[in-house]
Amino acid sequence: VESASCDFTVVDKVASLASANNARARIAKITEKAEKIEAPTGLNTVALLKAGSKAMGLSPKQMMNVAEKLYSSGFISYPRTETTMYDPNGFNVRSILKDHSSHPEWGKTAGHLLRTKYAKTSVPPRRGYDAGDHPPITSLKAATREEVGGGQAWRVYDFITRHFLGSLGDNLCFTRRIAELQIDGVEDYDARFELEEVSVDSLGFAGACSWVLRDIGASRNKQEESKVLKEGMTMPIERARCEECSTQPPNFLQEHELIELMDKNRIGTDASMAAHVNNIVSREYVVLCDETGLPLRPHRPPRPGQKPLPRQIGRYLVPTSLGMALIDMLRNGMSPEGEENEHESPALLSRPGIRAQMENEVKLIADGVLDKSECLEKNLAWFESRYGELSNSLSRERTQEVAGSLRPTRDSLREWKRLSVFEAAKNDQNGGGGGGQYSKKGSKKGRNPNFQRFNKGSSKKNRSNPKGVRKAVSKTPGTVGRSKTRGVR
């Protein structure tokens, strides 16, 4: 049962009945739904940077440094491109697949594609976007871990090659089976429980990009994929519990999410995007932290006999007092009602649309539509006016107020932690140090719903719902490890 306005006495009763001795759950009905995930397009710079930050713990600048070294060594194609479509005339798929078919890591996948989909053709799939610049990022030759050099270089090369093979494959097709459960004694209540099972029908591109299977809750193990849920099957209930939760404010923006938003709002290009992200970190407008609020530490393998440090999860961009003060100064040119003049407010300096407009004008100059000198003169005059207005709006009192709001980063993080906006630290001693493995999207226990911005001279409304939410959850043993149970009102 899950609702913000449900009868809690019913919830407690359902949980009590499910907790009774010898309580059992019976599968009353099974619903099957066929689903598919389309094969990825070719890899461009934005997708590479997002994968590096989200899955490998590499900043955009680190990822580009590694990719450029791989390019210089002849392992991959040019890593700065916006194109995701392969050239149907100048790209020979069979020759590359033949080179990879004997590789110890993904040779079976390359060989399967060579024997089936590309047995008689060398034309790549015609999907994606052609930006007219360089082709998608691909692996140019097969290489082992030792040949690449191991470490970060191998992880990036491995991802690029697997993504390339996946982009040549077919769609991933699977069946999602949802079993509706009936619990003894709960028939008279408005409560429904479900058990979910996923089985793969056609592996497709997931043969190379196996991480997709984990995302949908499936497994490559054929024994685990066997359908074990059947109508009429009964299972003992191990335990039932009632949880009370509250809505939480959004998490801080992660690095890969910022890259996606920059691409969406056309801030920067494939050549400059990594530098922009690095600038806001190096200038200390934000600090990179894990989900517990600890600054990310450089990856260093433990010394002999030294216990490995807890693994850091996530790459969250936490605003510093300096970064927030900068935005506040720009907003100081707004009217008392909080409205901005579309053409004259200094706050426009921080708007993404300004950069997108400049990028569009540069493209028009390249196409011969706009004159470079006139466009340059117009933009310089506009920016000079905005900065002049900003300078005039900064009185001595306002400058002192901004200076008084600045504080060391460690104090800012301590204040964020006091407000419980981070995940509670766990005693995880598995895995070495280093920022950002796969980001976890779990519960937000321990976070304070009464989240408020603590920077002096500004405030943010409480975005949480103070009303509590309680839900009853049951777990049943004896099912496949990938199955999960959820309760819905």
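The values are calculated or read from the model by the stated rules, or taken from the named source; none is laboratory data. It should be emphasised that the depicted structure is a prediction, and the values quoted were computed from it without experimental measurement. Here the Cβ is made from the backbone with ideal geometry for all residues, glycine too, and neighbour counts use every protein chain on show. Side chains are part of the model used for accessible areas, which takes the heavy atoms of the whole protein and leaves out ligands, DNA and RNA. Shrake-Rupley method; radii C 1.70, N 1.55, O 1.52, S 1.80 Å.
Structure data summary
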quantity	calculated
Amide H partners (placed H, <5 Å) of Leu58, local residues excluded	Ser53
Spacing of the two label points (7 Å from each Cα toward its C-beta) at Thr121 and Lys230, in nm	4.3
Heavy-atom accessible surface of segment 240-382: percent carbon and sulfur, 1.4 Å	54
Protection proxy ranking of 374-383, 152-161, 81-90 - average other beta-carbon atoms within 10 Å, highest first	152-161, 81-90, 374-383
For peptides 194-202, 365-373, sequence by mean Cβ density within 10 Å, most packed first	194-202, 365-373
Separation of the Glu401 and Lys264 label points, Cα + 7 Å toward Cβ, nm	3.2
Fraction of accessible area attributable to carbon and sulfur, segment 29-96 (%, probe 1.4 Å)	47
Difference of contour (0.36 nm per residue) and Cα-Cα distance, Asn279 to Asp215	19.8 nm
Stretchable slack from Leu309 to Tyr129, in nm (0.36 nm times residue separation minus alpha-carbon distance)	60.5 nm
Among the listed pairs Lys98/Lys264; Lys33/Lys230; Lys61/Lys417; Lys36/Lys141; Lys98/Lys120, those beyond 25 Å (Cα-Cα)	Lys98/Lys264; Lys61/Lys417; Lys36/Lys141
Distance (nanometres) between label positions extended 7 Å along Cα→Cβ at Ser246 and Asp158	4.3
